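Scroll down for the structure; my scribbles are underneath it.
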Amino acid sequence: MEYVLVIAVPAVVVALALGFIAYKARHSFAWSIKVREGSSAVIRGKIPLTAVGELVDVLNRNGVKNATIYGIKRRGTVSLVFSRSIPKSCHQGLRNVWSMHAR
C-alpha cells in the first residue's frame, strides 16, 4: 500500500503541474500573425491593422516570404516571438515597429 502512495502522489503532482503549465502557455498568446508569400492573416487575437502592415513591410524588406509572429503576454506587456524562418537580423526591426504600436 505504501508503494502506491510513493508512486501515485508524485505522479499526480507532476500531472497537475504539467496541466497548469500547458493551460498558462495556451492562454498567454495575445495574438499571432501568419505571413505566406507576402500576404498576412491574423490567426489569433486582436492587433491593429496598421501594426500588421508595418510588421509585414519589415519582413518584405528583409526578403522573408513565409513567417509567423506571436504576441505573448508577459508581465503585463506583449513581447514578440518569431518563427525560425525570420532571420535574427530582422528581429530588432520588428520589435521597433511593435514598440510604436504596443501602447
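Annotations for the structure displayed:
- Lysine pair count for region 29-101 with Cα-Cα distance under 16 Å and sequence separation of 8 or more or different chains is 4.
- Label-point separation in nm, LEU16 to LYS88, each point 7 Å along Cα→Cβ: 4.1 nm
Bear in mind these aren't lab numbers, they're just calculated from the coordinates by the rules spelled out. Everything quoted here is computed from the prediction, not taken from an experiment. Note: ideal-geometry Cβ built from the backbone for every residue, glycine included; neighbour counts use all protein chains shown.
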